[in-house]
Amino acid sequence: MCLFCKIVNKESSADIVYKNDKFLVFKDIQPKAPIHLLIVPKKHIPSINHLNLQDKELIGEMFLVAQTIAKNQGLNKKGYRLIINVGKEAGQIIDHLHLHLLGGWERSEKLKVKN
Ligand code: 5GP
Ligand code: ZN
């Protein structure tokens, strides 16, 4: 079972900030921003490459969860980043689909990480 499935099944711990019937949101263990959360569907889908048509509603909901979390964290007006890494060369290390939500920078910090 993959690490995120273990967290979903409560076999591994995580700092969970939100959950509903289909998603879990927890803090990234190695945050790359003052606020760095992972929005994780409970369903094991290895990556965007593995999506099926039947997952389209779930993926839509994943972005609505991101919107809710951004608001809860007070980021909706300030701004935030949503990132999905797909595959090893893009930096995906956990083969369980997840959406990174990053934010909370000071303005000067944000400029540094701007692409
Ligand atoms: P990826 O690189 O696959 O897109 O993102 C995986 C993320 O999971 C990384 O940012 C990494 O820091 C985080 N991560 C890895 N292991 C753990 C863990 O055991 N717990 C938590 N909360 N995050 C983890
Ligand atoms: Zn999994």
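Things worth noting here:
- Whichever aspartates and glutamates have a C-alpha closer than 12 Å to that of Lys6, once near sequence neighbours (fewer than 8 apart) are set aside: none
- Karplus 3J(HN,Hα) series, Hz, for segment 54-59 with 6.51 cos²θ - 1.76 cosθ + 1.60 (x for Gly, Pro): 5, 8, 5, 5, 4, 5
- For the chain, the mean residue ellipticity at 222 nm estimated from helices alone is -7500 deg cm²/dmol, where every DSSP H run of n ≥ 4 contributes -39500 (n - 2.57) and the total is divided by all residues, rounded to the nearest 500.
- Sum of side-chain charges, Lys22 neighbourhood, beta-carbon under 12 Å (Lys, Arg +1; Asp, Glu -1): -1
- In Hz, Karplus ³J(HN,Hα) per residue of segment 86-98 (6.51, -1.76, 1.60; θ = phi - 60°; x = Gly, Pro): 10, x, 4, 5, 8, x, 6, 10, 10, 7, 8, 2, 7
- Cα-Cα separations in the chain greater than 20 Å, expressed as whole percent: 41
Every number here is computed from the coordinates shown, using simple stated rules; none is lab data. This is a predicted model, so every value here is computed, not measured. Quick reminder, even Gly has a Cβ in these numbers, built from the backbone with ideal geometry, and neighbours come from all protein chains shown.
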